[in-house]
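Student: Take this structure, written in structure tokens, and hold onto it; I'll ask about it next.
The values are calculated or read from the model by the stated rules, or taken from the named source; none is laboratory data. Since we're looking at a predicted model, the values are computed, not measured. Cβ placement follows ideal geometry from the backbone for every residue including glycine, while neighbour counts extend to all protein chains displayed.
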């Protein structure tokens, strides 16, 4: 079953996906949407009310600005690499001016990887070239493993 349990296969839940985040106190989602030419899956302006990913109004204003794009609905794979490579291509990374823009706008960037490892028998596959490229732009690759 391609490493999936029967329950996972029945619900068609992926065992991996990746989300690209830019965050910061003064983040302007419209700037990053124009810069990448991509509409975010989710965005927050610090201090403003927002609609949560579940479609409900937030109970509190945003604590930080956030611009987010994910691979979950676009890439069908239980490995991280296809998700990472999709987002890199979709966002046109690397970009020479990107590290300085992050610095000038006091923003942070990360690739947040969801990794389902219920049985403890899977090893996350973040290619060295991807990790090096992300770090060279001032970002991080984080893996959130679920067991």
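Student: For residue 138, are the conditions met, namely being touching a helix residue (DSSP H, G or I) at 6+ places or on another chain (Cβ under 9 Å), surrounded by fewer than 17 Cβ atoms within 10 Å (Cβ to Cβ) and within 22 Å of residue 25 (Cα to Cα)?
Tutor: Numbers: touching a helix residue (DSSP H, G or I) at 6+ places or on another chain (Cβ under 9 Å): yes; surrounded by fewer than 17 Cβ atoms within 10 Å (Cβ to Cβ): yes; within 22 Å of residue 25 (Cα to Cα): yes.
For residue 138, the condition - touching a helix residue (DSSP H, G or I) at 6+ places or on another chain (Cβ under 9 Å), surrounded by fewer than 17 Cβ atoms within 10 Å (Cβ to Cβ) and within 22 Å of residue 25 (Cα to Cα) - is met.
Okay, residues lined up against (1) free of Cβ contacts under 8 Å to residues at least 60 places away in the same chain; (2) under 25 Å from residue 147 (Cβ atoms); (3) within 18 Å of the chain's Cα centre (by Cα); (4) not in a loop (DSSP other than H, G, I, E, B):
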site: 55; (1), (2), (3), (4): yes, no, no, no
site: 67; (1), (2), (3), (4): yes, no, yes, yes
site: 89; (1), (2), (3), (4): yes, no, yes, yes
site: 99; (1), (2), (3), (4): yes, no, yes, yes
site: 109; (1), (2), (3), (4): no, no, yes, yes
site: 129; (1), (2), (3), (4): yes, no, yes, yes
site: 135; (1), (2), (3), (4): yes, no, yes, yes
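Student: Report yes if residue 35 is in a strand (DSSP E or B) and under 15 Å from residue 102 (Cβ atoms), otherwise no. Give the steps one after another, and end with the answer.
Tutor: Numbers: in a strand (DSSP E or B): no; under 15 Å from residue 102 (Cβ atoms): yes.
For residue 35, the condition - in a strand (DSSP E or B) and under 15 Å from residue 102 (Cβ atoms) - is not met.
Student: Turning to a different aspect of this structure: For the range 2-32, how many residues meet the condition of being loosely packed, with under 14 Cβ neighbours inside 10 Å and modelled with pLDDT of 95 or more?
Tutor: Residues flagged as loosely packed, with under 14 Cβ neighbours inside 10 Å and modelled with pLDDT of 95 or more within the range 2-32 amount to 3.
Student: Condition first: out of contact with any helix residue (DSSP H, G or I) (no Cβ under 8 Å at 6 or more places or on another chain), surrounded by 16 or more Cβ atoms within 10 Å (Cβ to Cβ) and farther than 14 Å from residue 127 by Cβ. Now tell me which residues in the range 75-89 satisfy that.
Tutor: 78
Student: Looking at the range 119-128 only, could you name the residues that are surrounded by 11 or more Cβ atoms within 10 Å (Cβ to Cβ) and out of contact with any helix residue (DSSP H, G or I) (no Cβ under 8 Å at 6 or more places or on another chain)? Can you show your working first?
Tutor: In the first step, residues of the range 119-128 are kept if they are surrounded by 11 or more Cβ atoms within 10 Å (Cβ to Cβ); the result is 122, 124-127.
The answer is 122, and nothing else.
Student: Are any residues in the range 106-118 surrounded by fewer than 17 Cβ atoms within 10 Å (Cβ to Cβ) and at pLDDT 95 or above, and if so, which ones?
Tutor: First pass over the range 106-118, keeping only residues surrounded by fewer than 17 Cβ atoms within 10 Å (Cβ to Cβ): 106, 108, 110, 112, 117-118.
Of everything in the range 106-118, those that are surrounded by fewer than 17 Cβ atoms within 10 Å (Cβ to Cβ) and at pLDDT 95 or above turn out to be 106, 108, 110, 112.
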